[in-house]
Amino acid sequence: MMVILGLLLIIVCICSALLQWNQMRYSKKGLPPGTMGWPVFGETTEFLKQGPDFMKNQRLRYGSFFKSHILGCPTIVSMDAELNRYILMNESKGLVAGYPQSMLDILGTCNIAAVHGPGHRLMRGSLLSLISPAMMNDHLLPKIDDFMRSYLCGWDELETVDIQEKTKHMAFLSSLLQIAETLTKPEVEEYRTEFFKLVVGTLSVPIDLPGTNYRCGIQARNNIDRLLTKLMQERRESGETFTDMLGYLMKEEDNRYLLSDKEIRDQVVTILYSGYETVSTTSMMALKYLHDHPKALEELRKEHLAIRDRKRPDEPLNLDDIKSMKFTRAVIFETSRLATVVNGVLRKTTHDLELNGYSIPKGWRIYVYTREINYDISLYEDPMIFNPWRWMEKNLESKSFFLLFGGGARHCPGKELGISEVSSFIHYFVTKYKWEEKGGEKLMVFPRVSAPKGYHLRVLPY
């Protein structure tokens, strides 16, 4: 017993010494208050497990601007609306995109989140050219419409539908078919298997050991690169012209944004990754909130039935139809706000700088934590209530605190494409079906919004 107690005392002393040593490492004069946790791991475990509660507790102790060590990086957390907007709008003043190392390693060094300056302008310009209004109306929306019609067929014949799984597959398949519409079913399945491993790996501690999520994510990315390289080689050898996203990325004539093969692969992975989480989660949570708020569902369904009444049964949605979905857009914004599909964005300092009266060292991350802004009673009346009408009445989309899609030069370039995909899904779902919940509705809200046991619905013809 004495030996055991002695060992426990030694362990406690070692742990206490490690915590104290790590705290002292980051006690440079001028830094904001906060705690740094363990060496290497920092406070990542507490951050991922406790999520919003961890942030609230730190805010109560240290205010809305504090230091921590999460996802492998010393990090400043900002929870102030005005300061967050300043950070997002001032990339030229030493605040560039600074995503976790695991995300950068897996998504690629040329992905739009990793580059800045001329590299960012090239990748962003290339992406915007793929989703311009003309491209949306002539190429992307017809494909999205055809896919949604087909994907949503026959759901009323199933005993239950796990909307969480369905929307995940929907978001991935819709994006993949826009990128490469010629893939066979076995090829699509190969991409799907690797992509889901990649997603898990991006939100992990970057420790490259066998069996870790990080190692699995790296391997999945290598496998996707192999599949893309093979596909691009086959297309070049065929000499055919393709009108999907990959076809436009590979096009050499009349292309203002010529990319290398590596840049093309990183761009493809960026398109798949950036839309997957937001489109799938927003679609699932929109159905959840509409189920719980019948008046909102009635208003939304009226909007979509009016669109169907003026179109032939087989006539696809076009860009004008999407633009006319004012209440649907409000539902999407309110869903994104209340569910907090995106908790915040990361920036990195390129040199020592002063911010909010504190000195921030070069290379530190700044986590623009927007979650609490979404529930700020001074910005949103009754913030915990689902109220899409607030977006219709007050034009909140134009306000300075509207950061659901980021801000500044990093404002989400795929915002309108994502809204179009969610709107198309909602359109065909509410005009074809009504639904009731069948259990498993308990939701996790951090680090990702999810239903651990699934979100099961009984779907019936409308």
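As a summary of the residue check, residue 259 satisfies the conditions (1) open to solvent by 40 Å² or more (accessible area, probe 1.4 Å); (2) part of a loop (DSSP other than H, G, I, E, B); (3) not charged (D, E, K, R) except for the one numbered (1). Please go through segment 421-439 and pick out each residue that is assigned to a loop (DSSP other than H, G, I, E, B) and either at pLDDT 90 or above or open to solvent by 30 Å² or more (accessible area, probe 1.4 Å) (or both). Answer for segment 421-439, where residues must be assigned to a loop (DSSP other than H, G, I, E, B) and either at pLDDT 90 or above or open to solvent by 30 Å² or more (accessible area, probe 1.4 Å) (or both): just 438.
When the residues of segment 350-382 are narrowed to those that are among the hydrophobic types (A, V, I, L, M, F, W, C) and open to solvent by less than 50 Å² (accessible area, probe 1.4 Å), which ends up nearest to residue 407 (Cα to Cα)? Restricting to residues being among the hydrophobic types (A, V, I, L, M, F, W, C) and open to solvent by less than 50 Å² (accessible area, probe 1.4 Å), the top hit is 368. Scanning segment 171-206 for residues that are outside any helix (DSSP H, G or I) and either hydroxyl-bearing (Ser, Thr, Tyr) or closer than 15 Å to residue 271 by Cβ (or both) turns up 180, 181, 182, 183, 184, 204.
Could you tell me whether residue 255 is among the polar types (S, T, N, Q) and within 30 Å of residue 74 (Cβ to Cβ)? So residue 255 fails the test. Considering (1) in contact with a helix residue (DSSP H, G or I) (Cβ under 6 Å, 6 or more places away or on another chain); (2) part of a loop (DSSP other than H, G, I, E, B), the lone condition that residue 333 does not fulfil carries the number (2). Number of residues in segment 51-101 that are of a type in the set (S, T, N, Q), open to solvent by 50 Å² or more (accessible area, probe 1.4 Å) and without any contact (Cβ under 8 Å) to a residue 24 or more places away in the chain equals 2. In this structure, does residue 300 turn out to be assigned to a helix (DSSP H, G or I), aliphatic (A, V, I, L, M), in contact with a Leu (Cβ under 6 Å, 6 or more places away or on another chain) and open to solvent by less than 10 Å² (accessible area, probe 1.4 Å)? The answer is no for residue 300. Under the condition of being part of a helix (DSSP H, G or I) and either exposed (fewer than 14 other Cβ atoms within 10 Å of the Cβ) or out of contact with any Gly (no Cβ under 6 Å at 6 or more places or on another chain) (or both), the residues counted in segment 207-235 number 19. Name every residue in segment 117-142 that is charged (D, E, K, R) and either open to solvent by less than 10 Å² (accessible area, probe 1.4 Å) or touching a residue at least 40 places away in the same chain (Cβ under 8 Å) (or both), in order of residue number. The answer is 124, and nothing else.
Is it the case, given these coordinates, that residue 181 is over 16 Å from residue 449 (Cα atoms), of a type in the set (D, E, K, R) and buried (at least 18 other Cβ atoms within 10 Å of the Cβ)? Against the criterion (over 16 Å from residue 449 (Cα atoms), of a type in the set (D, E, K, R) and buried (at least 18 other Cβ atoms within 10 Å of the Cβ)), residue 181 does not qualify.
For residue 114, only one of the following conditions fails: (1) open to solvent by 40 Å² or more (accessible area, probe 1.4 Å); (2) under 21 Å from the mean Cα position of the chain (by Cα). What is its number? With respect to (1) open to solvent by 40 Å² or more (accessible area, probe 1.4 Å); (2) under 21 Å from the mean Cα position of the chain (by Cα), residue 114 is out only on (1). Among the residues making up segment 392-404, those that are under 24 Å from the mean Cα position of the chain (by Cα) and touching a residue at least 24 places away in the same chain (Cβ under 8 Å) are 396, 397, 400, 401, 403, 404. The single residue among 167, 160 that is at pLDDT 90 or above, open to solvent by less than 50 Å² (accessible area, probe 1.4 Å) and of a type in the set (Ser, Thr, Tyr) turns out to be 167.
Scanning segment 325-349 for residues that are open to solvent by less than 20 Å² (accessible area, probe 1.4 Å), of a type in the set (Lys, Arg) and under 21 Å from residue 286 (Cβ atoms) yields one hit, 337. Is it fair to say residue 460 is surrounded by fewer than 20 Cβ atoms within 10 Å (Cβ to Cβ) and aliphatic (A, V, I, L, M)? Considered against the rule, which asks whether it is surrounded by fewer than 20 Cβ atoms within 10 Å (Cβ to Cβ) and aliphatic (A, V, I, L, M), residue 460 comes out as yes. Checked against the criterion of being among the aromatic types (Phe, Trp, Tyr), at pLDDT below 95 and part of a loop (DSSP other than H, G, I, E, B), segment 271-278 contains not a single residue that satisfies it.
Does at least one position in segment 129-140 carry a residue that is modelled with pLDDT of 90 or more and not in a helix (DSSP H, G or I)? Looking through segment 129-140, at least one residue is modelled with pLDDT of 90 or more and not in a helix (DSSP H, G or I). Can you name every residue in segment 132-155 that is of a type in the set (D, E, K, R) and under 16 Å from residue 425 (Cβ atoms)? Hits for segment 132-155 are 143, 145, 146, 149. If you check residue 401 against the conditions, is it in contact with a Leu (Cβ under 9 Å, 6 or more places away or on another chain), modelled with pLDDT of 90 or more and not charged (D, E, K, R)? Answer is no for this residue. Applying the selection to segment 364-411, what residues are within 25 Å of residue 31 (Cβ to Cβ), aliphatic (A, V, I, L, M) and out of contact with any Ser or Thr (no Cβ under 9 Å at 6 or more places or on another chain)? Once the filter is applied, which keeps residues that are within 25 Å of residue 31 (Cβ to Cβ), aliphatic (A, V, I, L, M) and out of contact with any Ser or Thr (no Cβ under 9 Å at 6 or more places or on another chain), segment 364-411 yields only 373.
Of all residues in segment 303-324, those satisfying the criterion of being over 18 Å from residue 393 (Cα atoms), open to solvent by 60 Å² or more (accessible area, probe 1.4 Å) and part of a helix (DSSP H, G or I) are 309, 320. For segment 236-256, the tally of residues that are open to solvent by less than 50 Å² (accessible area, probe 1.4 Å), out of contact with any Leu (no Cβ under 7 Å at 6 or more places or on another chain) and part of a helix (DSSP H, G or I) stands at 3.
The values are calculated or read from the model by the stated rules, or taken from the named source; none is laboratory data. Note that the structure is predicted; figures quoted are calculated from it, not measured. Here the Cβ is made from the backbone with ideal geometry for all residues, glycine too, and neighbour counts use every protein chain on show. To get the accessible areas, we keep the full protein, side chains included, count just its heavy atoms, and leave off ligands, DNA and RNA. Shrake-Rupley method; radii C 1.70, N 1.55, O 1.52, S 1.80 Å.
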